[in-house]
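Before I ask anything, here is the structure I am working with.
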Amino acid sequence: MSHLLCIPFKKTLSIDLKQKLANVIDSTFFQTSSIFGDDLSAINRMREDLINIDVSESGLQKMKTYYICFSKLKEKFPDNQIEYTWFQTLGRKSYGCSHTCFLFEEINVVYNIGAMYSLLAMENSDGSVEGLKKSCHYFQYSAGCFGHIIKLLESADEKLLDRKTLTALNYLMLAQAQEAFWFKAVKDSHKDSLIAKLALQVSELYDTASKHAHTSEIIRTDWVEHLKSKSLYFSAVAHYRNSIALGEKEAYGAQIKSLQESLKNLNKASLGDESALLFRERVENTLKSCERDNDLIFLQGIPSIVPEIRPA
């Protein structure tokens with residue numbers, strides 16, 4: 001698979017959650033905090049585990065366990081009693097933001113769960129069939145986390161996280177999940193017409209991600225350019241694969257038009273890895289061969305409109 005992106009974990013400051021919650025209990029409730037000492041120690045350990053979490057299934061489970069336990073606190077405790085600080089790590093500069101509402105802590109933990117899924121997806125993208133399946137699922141789960149945060153923010157009275165950034169990350173993860181699915185279709189030698197449809201869907205998801213990333217206050221410029229180039233690259237792949245299917249139907253003029261569109265998109269993309277350069281060379285050589293055969297043998301007219309592909 002071509003170059004993929006994963007989301008770095010946000011960082012958070014350590015807080016003595018046990019003591020903070022104990023203070024709230026002693027000042028607000030009729031019971032004393034000492035009754036809940038073991039429970040308070042447990043949730044404090046859970047949060048401390050988040051500070052230096054390993055990229056692993058066990059690390060993922062620790063994050064989920066803390067999220068579930070913490071989300072129950074808002075049912076029993078008054079809000080805006082404890083300050084939580086999280087540091088943005090997506091851009092070139094890291095900066096912190098602090099809030100006292102439960103929702104701020106919740107959405108940042110879900111953000112890191114989404115980041116964990118993206119990192120696990122990268123670890124499993126080894127090109128094997130099982131790895132591709134896992135990678136695809138993990139990217140989907142990651143997208144689900146960022147989509148869930150967007151829904152949670154609908155009830156927020158203030159800006160806790162940038163929605164444009166979250167939307168970009170959501171579509172980025174969906175694009176990479178689709179890319180894993182496309183790659184498996186290539187390895188399984190499916191029909192070129194189907195691979196073209198899958199590739200176009202990859203292109204459209206990357207294009208949507210790039211548009212939202214462009215308006216984000218956080219996402220780096222090189223990421224924005226990468227997303228746009230990936231969109232152009234997969235559009236080129238879609239038209240190239242479709243050209244093969246058109247050639248099989250003896251629609252040689254339409255085949256040439258599709259190859260021209262493929263090459264045009266490749267010329268706009270800035271992907272410089274070896275596989276992209278080899279693909280560009282293949283498209284160029286195929287286009288020259290098809291144009292020569294059409295000029296000498298088939299004599300079909302070149303349509304003015306690129307043959308339509310329906311994404312799948």
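The values are calculated or read from the model by the stated rules, or taken from the named source; none is laboratory data. Every value quoted in this text rests on a predicted model; they were computed, and no experiment measured them. Backbone-built Cβ (ideal geometry, glycine too); neighbour counts: all protein chains shown. Note: areas computed on protein heavy atoms with side chains; ligands, DNA, RNA excluded. Shrake-Rupley method; radii C 1.70, N 1.55, O 1.52, S 1.80 Å.
I need the shape label for region 183-312. Rule: rounded when a/c is under 1.5, else prolate if a/b > b/c, else oblate, with a, b, c from the alpha carbon gyration tensor.
Numbers: a/c = 2.14, a/b = 1.89, b/c = 1.13.
Prolate, because a/c is 1.5 or more and a/b exceeds b/c.
Let me ask something else about it. LEU200: accessible area at probe 1.4 Å, nearest 10 Å²?
In the full protein context, LEU200 sits at about 20 Å².
For the chain, what's the relative contact order in percent, using C-alpha pairs closer than 8 Å and at least 6 residues apart? Display every interim value, and only then the final one.
Numbers: 440 pairs, mean separation 42.1, N = 312.
Relative contact order comes out at 13 percent.
So if I place +1 on the C-beta of Lys and Arg and -1 on the C-beta of Asp and Glu, and nothing else carries charge, what would the dipole magnitude of the chain be about its Cα centre? I want it in debye, nearest 20.
Dipole magnitude for the chain comes out near 280 debye.
I've got another one for you. Of the cross-linked pairs LYS18/LYS159; LYS18/LYS72; LYS74/LYS134; LYS187/LYS288; LYS164/LYS197, which ones have a Cα-Cα span greater than 24 Å in the structure shown?
On the way: LYS18/LYS159 28 Å; LYS18/LYS72 15 Å; LYS74/LYS134 34 Å; LYS187/LYS288 27 Å; LYS164/LYS197 28 Å.
Distance filter (> 24 Å) returns LYS18/LYS159; LYS74/LYS134; LYS187/LYS288; LYS164/LYS197.
May I pose another question? Per-residue accessible area for PHE29 at 1.4 Å probe radius, Å² rounded to 10?
80 Å²
Can I ask one more? Report the Stokes-Einstein translational diffusion coefficient (µm² s⁻¹, integer) for region 36-76, Rh taken as the Kirkwood radius over Cα pairs, at 37 °C with viscosity 0.692 mPa s.
Approximately 307 µm²/s, per Stokes-Einstein.
Here is a further query. Under 23 Å between alpha carbons: how many lysine pairs meet that in region 200-272, if sequence neighbours fewer than 8 apart on the same chain are excluded?
Step by step, the pairs that qualify in region 200-272 add up to 12.
Something else: With n ≥ 4 as the cut-off for DSSP H runs, can you work out [θ] at 222 nm for the chain, using -39500 (n - 2.57) per run divided by the number of residues, rounded to the nearest 500?
Details: 10 runs with 203 residues, N = 312.
Calculated from helices alone, the mean residue ellipticity at 222 nm is -22500 deg cm²/dmol.
Once you place label points 7 Å from the Cα toward the Cβ at LYS159 and GLU83, how far apart are they in nm?
It is 2.1 nm.
Output the 0 to 90 degree angle, nearest 10, between the alpha-carbon long axis of helix 129-152 and the longest principal axis computed from the alpha carbons of the chain.
Tilt of helix 129-152: around 60 degrees.
Treat region 176-241 as a sphere of radius equal to its Kirkwood radius over Cα pairs and apply Stokes-Einstein at 10 °C in a medium of 1.306 mPa s; give the translational diffusion coefficient in µm²/s, rounded to a whole number.
Numbers: Rh = 12.1 Å.
Calculated translational D: 131 µm²/s.
Regarding region 1-95, what whole-number volume in Å³ per residue does the convex hull of its Cα atoms give?
Values: hull volume 11.5 nm³, N = 95.
Convex hull volume per residue, Cα atoms: 121 Å³.
Quick check for you: with a 1.4 Å probe and neighbouring chains kept, what is the accessible area per residue of region 176-312, in Å²? Can you show the working numbers first?
Values: 6980 Å² over 137 residues.
I get 51 Å² per residue for region 176-312.
Work out how much length ILE68 to VAL55 would gain on full extension: take 0.36 nm times their residue separation and subtract the Cα-Cα distance, in nm to one decimal. Mind showing how you got there, number by number?
Details: separation 13, 0.36 × 13 = 4.68 nm, distance 1.94 nm.
Taking ILE68 through VAL55 to full extension adds about 2.7 nm, to one decimal.
Report, to the nearest whole %, how much of the accessible area of the chain belongs to carbon and sulfur atoms, 1.4 Å probe, protein only.
Of all accessible area on the chain, carbon and sulfur atoms account for 50 percent.
Express the relative contact order of region 1-103 as a whole percentage, based on alpha carbon pairs under 8 Å and six or more residues apart in sequence.
Details: 96 pairs, mean separation 32.2, N = 103.
Relative contact order comes out at 31 percent.
Could you give the angle, 0 to 90 degrees to the nearest 10, between helix 163-187's Cα long axis and the longest principal axis of the Cα atoms of the chain?
Value to nearest ten degrees: 50.
Related question: Scan region 143-192 for trypsin sites (Lys or Arg not before Pro) in coil per DSSP, keeping those whose Cβ has at most 16 other Cβ atoms within 10 Å, and list them by number.
Details: sites: LYS151, LYS159, ARG163, LYS164, LYS184, LYS187, LYS191; in loops: LYS159, LYS191.
Answer in residue order: LYS159, LYS191.
OK, next. Of the labelled options [x] 0.94; [y] 1.13; [z] 0.98, which one gives Rg/Rh (Cα atoms, Kirkwood Rh) as computed for this structure?
Matching the structure shown: [y].
Report the local net charge at ILE297: Lys and Arg +1, Asp and Glu -1, summed over other residues whose C-beta lies under 14 Å from its C-beta.
Values: positive: ARG292; negative: GLU250, GLU291, ASP293, ASP295.
Once all neighbours under 14 Å are counted, the net charge is -3.
Name the shape class, rounded, prolate or oblate, that the alpha-carbon gyration tensor gives for region 166-207, where a ≥ b ≥ c are the square roots of its eigenvalues, rounded holds for a/c under 1.5, and otherwise prolate holds if a/b is larger than b/c and oblate otherwise. Intermediate values should be presented prior to the final figure.
Details: a/c = 5.21, a/b = 2.16, b/c = 2.41.
Cα axes put region 166-207 in the oblate bin.
Additional query: Students sometimes get this wrong: rank MET46, MET116 by accessible area, probe 1.4 Å, all chains present, largest first. Could you put the intermediate results ahead of the total?
On the way: MET46 45, MET116 0 Å².
Largest accessible area first, the residues go MET46, MET116.
May I ask for the angle, rounded to the nearest 10°, between helix 221-248 and the longest principal axis of the chain, with both axes built from Cα atoms and the value confined to 0 to 90°?
Compared with the principal axis, the helix lies near 40 degrees.
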